[in-house]
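Here the structure is laid out as C-alpha cells; the discussion comes afterwards.
The values are calculated or read from the model by the stated rules, or taken from the named source; none is laboratory data. Model, not experiment: these values are computed from the prediction. We place every Cβ from the backbone using ideal geometry, glycine too, and count neighbours over all the protein chains shown. Ligands, DNA and RNA are excluded from the accessible area calculation, which covers all protein heavy atoms including side chains. Shrake-Rupley method; radii C 1.70, N 1.55, O 1.52, S 1.80 Å.
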Amino acid sequence: MTLEFLVASAIGVLVAGGIYMALRGRTFQVVLGLTLFSYAVNLFLFASGRLTVNRPPIWSKDIVEYADPLPQALVLTAIVITFGMTAFAVVLALRSFLESGSDQVDGDPCESGLNDNLPSDDSGGERP
Amino acid sequence: MAVSMALHILVLLPFVSALLIAAGATRGRGFHSGIAIAASAIGFALVLSVAGRVVGGEVLAVSTPWVPAIGLDFSLMIDPLGLMFAGLILGIGLLVAIYAHFYLAKGEATGRFFASLMLFQGAMLGIVISGNVLLLLIFWELTSLSSFLLIGFWRHSAEARQGARMALAITGGGGLVLIAGMLLLGIVAGSFDLMTILQSGDVIRSSPLYPVILVLILIGCFTKSAQFPFHFWLPHAMAAPTPVSAYLHSATMVKAGVFLLARLWPVLAGTDLYTVIVTSVGLVTMVFGAWVALFRHDLKGILAYSTISQLGLLVMLLGFSIEMAAVAAVLHILNHAAFKAALFMSAGIVDHETGTRDIRRLGGLAKVMPITAVIATIAAAAMAGLPPLGGFISKEMMLYETLEVGLFGLPWLVPVLATIAAMLSAGYSFRLAAHLFFGAPRDAGPHARAHDPGLGMWASPAVLVVIAVLLGLAPMVIAGPLVASVASAVIGSAAPPLDLSLWHGVNAALMMSIAAVLVGALLLWRHAGLLRRYEALRHLDAKELFQRGMAGADARLRKLMVATHRPSLQRMLFATFAVVLLLIIEGASAGGGSFTGPREGLPASPIAIIAWLLLIAATGAVLMEERQRFRVLIYISVIGLIIALAFVHFSAPDLALTQISVEVVTILLLLLALNLLPKSPPILSSNPRRLRDAALAVAGGLGVGGAAWAMLTRETNDPISAYHLANSYSGGGGTNVVNVTLVDFRAFDTLGEIIVLGIAGLAIFALLEPTARGVAGARLRKWQEDMPHSPERHPLMFVMATRILLPLVLAAGIYIFLRGHNQPGGGFIAALVVAIAFLLQYLASGFDWTDARRRIGEHFLIAFGVLVAMATGLGSLLFGANFLTSAFDYFSLPLIGEFELATALLFDVGVFAVVFGAVMLALAQLSHISQRAARAHAAQLKAEKLTHEEGEP
C-alpha cells in the first residue's frame, strides 16, 4: 500500500460522501456535504504538488529538495476561504429556517419538529 | 496638437457638462440650462472654427490606442460629412436647449433632463466624429440608452415608459445587429479604422461575406432611422417632451442611421443588392409614412409620420447609388433638420399655449398667435416643397434623380411612387398649416387661451425658419461649398459640379413637382371625405403587435425556464454534479493512456494506514448517522484532524496549522448554528432517491479519486515553483516559501482572497442583522433551550481558564505572526488562533460580558485590513516598483540582535485584521441572535408602553 493510494482513495471517499450529503433535503446536511467536499478539493489541490515526506518548503542553504510550495500557498488561502463559504452557507440556512420555519433546502414546509404556528412567510410580521 | 485638443474637447464637453448638471441636480433650472447652452455654444464655435479648413479639404484626425489587441483606438476624425452633422447636432442642440429652458415648467426635474440631453448630445457627436468603427459602435449604443432616458423623461406616464422601452428594444436591438455587421466589415477590411475601411470598398464588395455584412448593417441603420417595417417606435417616442422630439427626430437620433448609410456609401453602395434593398425600403417608407401622416390628428403624430416619410426619402436617395442623388440627400438632410426642428418646436408652442395638440380642436390660431403662425407656416411650406424655400430645391433634385432609376426593370415605378409621396407630403403639410392656423376655430376653449409665447420660445424656431428660407433663396452662398465638400466625402471622390438654384428650366422634375403641389392642394380640399374613408378601414396597430410579440416571447421564455430551471436545489446540484462527472469521464477517455502512471509511490507506514481507516470510518459514520447532528459534528472534526495530520506528514506545516485552527472555528460555528436548528429531524428523502443519489456519489467519488490517483502516479509537469524556491530568500527576504508566496509572489491573489473573506463576513452580518425583527424575530423569541444544560450558566473553572489563557494565546499569536516570514506561521494562522482565544471568552463569560470589553469593531477591522494591504501594495508604486512588490532590510539593535523588517509584514497585518474581523463578525453575530431578538422585542414593548402612557394623560 502506498501513500498515494491512501490519499487518492481518501479523496474519492470524501467526494462521494460530500456529493451524497449535498443532495439531501435539509440545509444542515448540505452544509456538511459542502464541508466534506471542501476537504476533498483542498486535498486534491494539495496533491497536485505530489506527496513529499520530511521536506517542508522552509528554505535553507544546505537543502536542495523541498515540497512544492505553490499548491501549499494556494491551499492555505483555500482553507480560509472555505471557512468563509461554510459560514455564509450556514448563516443562509439559519436565516431561511428562521424566516420560513422550515429547514428544507428550498424552504418548502416540512416536518421539522418545530410547531410554532407562525406564518410561513413574512406577511404576518412587521417589515424591517 | 491644437487639432487633437480641439477634437477631444469637442467630444468630452457634452459628457463633462452632463456630469456637472447631474452633480448640481438640486440647483435651479437656470443652472442646468445655462451649462447645457454654454457647452453647446462652445462646441458649435469649435466646429465653426475648424469649418473653413475641413470644407477646404483637410481631414482633421487624432488617434490614441485604447485596446490595441482588438483594434479599438480612441480615434476622432472630422471630415466634411462629420463636420456637417457635428454642426447640426451642436447648432440645433443649442437652439433646443434654449427652447427647453422656456418649455419646461419650473417644478420639472430639469437637472435630469439637461443631463440626459447632454449625454445624448455627446453620444451623437461621438458617432459622427469617430474615426474607428468600434468606437462608433460604443457611441451608437450610448445614443440608444440616452434616448431611452429622454423619451421616458416623464416617467409617471405609462405612455412615456412604453414608448421609451419600445424605442430601446428596436434601436438597441438594431444596434446589436449592427455590431455583428461592423465586426464582419472590419474583419474583411482588415482594420477597424474608418479611413482604411472606406478605402477598401472593392475588397468588401467582392467578399463572399458582403451580402451578410450589408444586411446586418442595413438592419442597424433602418431600425435607428425608423424605416419600414421598424418605423413604429418613432410615433410612440412622441411621448417625450417636445424639445426632445425636436432634437431626436430632426437632426440627431433618427439621422444616425442616415449618417451611417452615407458614411459607408463608398464601401457598400453600388451593387444591385444594395440598390434594390435600400431603394425599395426607402420608397415604401416614404409613401407609407406620408399616407399615414395625412390622417393623424396629434400634431406630433403628424410630424412623426412625416419624419418617417422624409427619412424614407433620404434612404431612397442614398439607395440609388448615383452620385447626384447623394448630393440631393446631403442637401435634404440640411433642409429637413431646419424645417422639422422648427415644426416640432412650433407644435410644442401650440401645445404649451393652448393645452392641446389635437388638430381637430384647433384652427384659426393665426389671429391669436401670429408669430408662431408665420414660423410654422413657412416651415410647413418648406416641408411641402414650395418655392422659394430650401425644401423645394432638394425635392426637385430628388424627383429629377428618380427618373434615372429603374427598379425591378420598371423605369416608371420609382418616379411614380416618389411623385405620389410628394403629393401626400404636400397634402399633410398643407393640412398641418391650414387646419392649425387658418379657417374658423373648431373648439373655443383652446382658442381662447392661445397667445404667442415669449421671445425665448419662438426665437429658436425663428432662427431655423430663416435658415430654411435662405437655403432656398441663396443656396449656393449658404450651403454650396459645404454641400459640395460633404457630397464628395460621401461619394469618396470629387462630387459632380453643383448648381443649386430654384429655377432649372422646364423639365420633367418641375412637372412632377407642380403635380405634387396641385394634388396636395386637392387632398387638403377633400380631406374630410378622405379621412372618413381612411378611418372606416381597419388598420394594424403596430404597438399592439409589438406588445403581443413581446408578451409571446416572455411566455415562451418563462416556459423554457420553468422546464429547465426548477427552483429546487437538489435537482440543480444533481445536474451540476452529473455534468462535471461526465466532463471528467470525457476528459479521461479523450486523454487515453494508462490509468496508473509510472511514478514510484511512497510506502505507507502502519500509522498512516490507521489514520486512513479512521478517516474512512468517520466519513461512513457521517453518512450513517445523519440524523444525530451533534454526533455528526464529532465525526466531521475527526476528519478535519486527520487531514491536518496528513498535512504535517506531507511536509506542509503551514497548512496543518491553518487546517487545525479553521477546524476549531468551523466546529464552533456549526455548533452555534445547530443550537437553533432542529437537532434530529426525520429524514426527508425517499429510498429510491437515496439510492439514486448514492449511485451518483459513488460514481463521483470514483471519478475524482481516480483522477487524483492518475495524477499522483505521474511526475509533475515542469512546475513553476522552482522560481519561488530560488527567489524566496534573495527576492522576498523570507525562508518560509509558502508565506513569501502569499505575501509577495502571489500577494495579489491574497489581496483578492481577504477581500472575499471580508465580504463574506459583512454578508453574514447583513443576513443576521434583520433576524431580530419580523417573523424571524418572533420565532427566535419563542425558541426554547432544547438541550440539557449545565446548572452553572458560566462555569467558574471554564471562565478562569479562558481568562488566563487569553494573554498567553495573544503572545502565541504575536509569535506565530512575527515568525511567519521565516518559519511556519503568518497572518492567516495568527488571526485564527487569536480569534479562537477571543471566541473562548464569548463562550465562557457570555456575550454581554465580552462584548462590553471589546474596543474595536469587526467592521472597522475588516476595512482597516483591506486598506492596509492595499496601501502596502500601492506604496511600492511610489518607488517605481510593480504593485505589491515587497522591500526588506536587516537591522540590528542591542540586546535583540539582528532582525529583519519587510513591507510584506505590513501586508500580513492587513491579512491578519481581515481574517480576524471576518471570523469574529460571523461567530459573535451568530452567538447572540436569540438574545438580540428578545432585546429588540422588549425595547419595542417598552416604546409602545411609553407612547400608550403619553396618550393617556
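Please give every one of the lysines within straight-line cross-link reach of B:Lys945, meaning a C-alpha to C-alpha distance under 29 Å, and leave out same-chain neighbours fewer than 8 residues apart.
B:Lys782
For B:Ala887, list long-range residues whose amide hydrogen, built 1.01 Å from N in the peptide plane, is under 5 Å from its own amide hydrogen.
Amide H neighbours of B:Ala887, under 5 Å, 5+ apart: B:Thr903, B:Ala904.
Between beta-carbons, use under 13 Å as the cut-off and find the net charge around B:Leu921, counting Lys and Arg +1, Asp and Glu -1.
It works out to a net charge of -2.
Step through the residues of region B:393-399 one at a time and calculate ³J(HN,Hα) from phi using the Karplus curve (6.51 cos²θ - 1.76 cosθ + 1.60, θ = phi - 60°), rounding each to whole Hz and writing x for Gly and Pro.
Rounded to whole hertz, the list is 4, 5, 5, 4, 5, 4, 4.
What trypsin sites (Lys or Arg not before Pro) does region B:284-388 have in DSSP loop regions with at most 15 other beta carbons within 10 Å?
Of the trypsin sites (Lys or Arg not before Pro), the ones in loops of region B:284-388 whose Cβ has at most 15 other Cβ atoms within 10 Å are B:Lys367.
Top to bottom by accessible area (1.4 Å), largest first, where do B:Tyr842, B:Tyr815 land?
Solvent-accessible surface, decreasing: B:Tyr815, B:Tyr842.
When ligands, DNA and RNA are left out and all protein chains stay put, how many square angstrom of accessible area per residue does region B:390-450 have with a 1.4 Å probe?
Ligands and nucleic acids excluded, the result is 37 Å² per residue.
Roughly how tilted is helix B:747-768, in degrees to the nearest 10 and between 0 and 90, from the longest Cα axis of chain B?
Tilt of helix B:747-768: around 90 degrees.
Looking at region B:600-624, which residues lose a minimum of 10 Å² of accessible area between their chain alone and all protein chains in place, measuring with a 1.4 Å probe and not counting ligands or nucleic acids?
Hits at the 10 Å² cut-off: B:Gly601, B:Leu602, B:Pro603, B:Ala604, B:Ala608, B:Ile609, B:Trp612, B:Leu615, B:Ile616, B:Thr619, B:Val622, B:Leu623.
Under unit Cβ charges (Lys, Arg +1; Asp, Glu -1), what dipole magnitude, rounded to 20 debye, does chain A have relative to its Cα centre?
Dipole of chain A, to the nearest 20 debye: 600 debye.
Please enumerate, by chain and number, the lysines with C-alpha under 19 Å from the C-alpha of B:Lys340, excluding those fewer than 8 residues away in the same chain.
By straight Cα distance, B:Lys340 reaches B:Lys224, B:Lys255, B:Lys300, B:Lys395.
Please work out how much accessible surface B:Thr196 shows to a 1.4 Å probe, ignoring ligands, DNA and RNA, in Å² rounded to 10.
60
Using a 1.4 Å probe over the heavy atoms of the protein chains, calculate the carbon and sulfur portion of the accessible area of the protein assembly as shown as a whole percent.
Whole-percent figure for carbon plus sulfur exposure: 68.
I'd like the orientation of helix B:110-129 relative to chain B: the angle between its Cα long axis and the longest Cα principal axis, in ° from 0 to 90, rounded to 10.
80
With a ≥ b ≥ c taken as the square roots of the eigenvalues of the C-alpha gyration tensor of region B:221-303, please select rounded if a/c is under 1.5 and otherwise prolate if a/b is larger than b/c or oblate if it is not?
Since a/c reaches 1.5 but b/c is at least a/b, the shape of region B:221-303 is classed as oblate.
Could you state the accessible area per residue of region B:137-280 in Å², with a 1.4 Å probe and every protein chain left in place?
30
Under the rule of at least 5 residues apart or a separate chain, name every residue whose amide H is placed under 5 Å from the amide H of B:Gly439.
Here B:Gly364 satisfy the definition.
Heavy atoms only, 1.4 Å probe, whole protein assembly: order A:Asp68, A:Asp62 by accessible area, highest first.
Listed by decreasing accessible area, they come as A:Asp62, A:Asp68.
Taking the Cα centre of each part, how many Å lie between region B:680-705 and region B:180-201?
Cα centroid to Cα centroid, the span is 56 Å.
Give me the dipole magnitude in Debye, nearest 20, for chain B about the Cα centre, with unit charges on the beta carbon: positive for Lys and Arg, negative for Asp and Glu.
With Lys and Arg at +1 and Asp and Glu at -1, about 3000 debye.
Quick one: Karplus J couplings for region B:343-349, per residue in order, coefficients 6.51, -1.76, 1.60, θ = phi - 60°, nearest Hz, x for Gly and Pro?
After applying 6.51 cos²θ - 1.76 cosθ + 1.60, I find 5, 4, 5, 5, 4, x, 4 Hz.
Using Cα centres only, tell me the gap between region B:98-149 and region A:1-24 in whole Å.
Each part reduced to its Cα centre gives a spacing of 60 Å.
B:Val704 accessible area, nearest 10 Å², 1.4 Å probe?
30
Can you check what the net charge comes to around B:Phe828, using other residues whose Cβ is under 15 Å from the Cβ of B:Phe828 (Lys, Arg +1; Asp, Glu -1)?
Taking every Cβ under 15 Å from that of B:Phe828, the sum is -4.
Which lysines have a Cα less than 16 Å from the Cα of B:Lys367, not counting those fewer than 8 places away in the same chain?
Once the sequence-local lysines are set aside, nothing remains near B:Lys367.
Non-local amide H neighbours of B:Asn132 (under 5 Å, H modeled in plane, Pro and chain starts lacking H): which ones?
Correct list: B:Ser75, B:Leu194.
Give me the accessible area per residue for chain A, probe 1.4 Å, as a whole number in Å².
About 37 Å² of surface per residue is accessible.
In whole Å, how far is the Cα centre of region B:567-626 from that of region A:73-109?
With region B:567-626 and region A:73-109 each reduced to a Cα centre, they are spaced 23 Å.
Please list, in order along region B:24-33, the HN-Hα scalar couplings obtained from phi with the Karplus expression 6.51 cos²θ - 1.76 cosθ + 1.60 (θ = phi - 60°), rounded to whole Hz, x for Gly and Pro.
x, 4, 7, 5, x, 4, x, 4, 5, 5
To the nearest 10 degrees, how steep is helix B:253-263 against the longest Cα principal axis of chain B, on a 0 to 90 scale?
80
Quote to one decimal, in nm, the extra length available between B:Val203 and B:Asn507 on full extension: 0.36 nm per residue of separation minus the C-alpha distance between them.
Extra length from B:Val203 to B:Asn507 when fully extended: 105.5 nm.
Taking the Cβ of B:Tyr210 as the center, what net charge do the other residues with Cβ under 12 Å away carry, scoring Lys and Arg +1 and Asp and Glu -1?
-1
So how do B:7-17, B:443-453 stack up, highest first, on mean other-Cβ count within 10 Å?
The peptides rank, most packed first, as B:7-17, B:443-453.
Please compute how much accessible surface disappears when B pairs with A, both sides summed, using a 1.4 Å probe, and round it to the nearest 100 Å².
Using a 1.4 Å probe on protein heavy atoms, the buried area is about 9800 Å².
For chain A, list the DSSP H helices whose alpha carbon atoms reach 20 Å or more along the long axis and whose average Kyte-Doolittle value is 1.6 or above?
In chain A, the long hydrophobic H runs are A:3-22, A:27-47.
Only four residue types carry charge here, +1 at the Cβ of Lys and Arg and -1 at the Cβ of Asp and Glu. Report the dipole size of region B:848-952 about the Cα centre in Debye, rounded to the nearest 20.
Dipole about the Cα centre, nearest 20: 180 debye.
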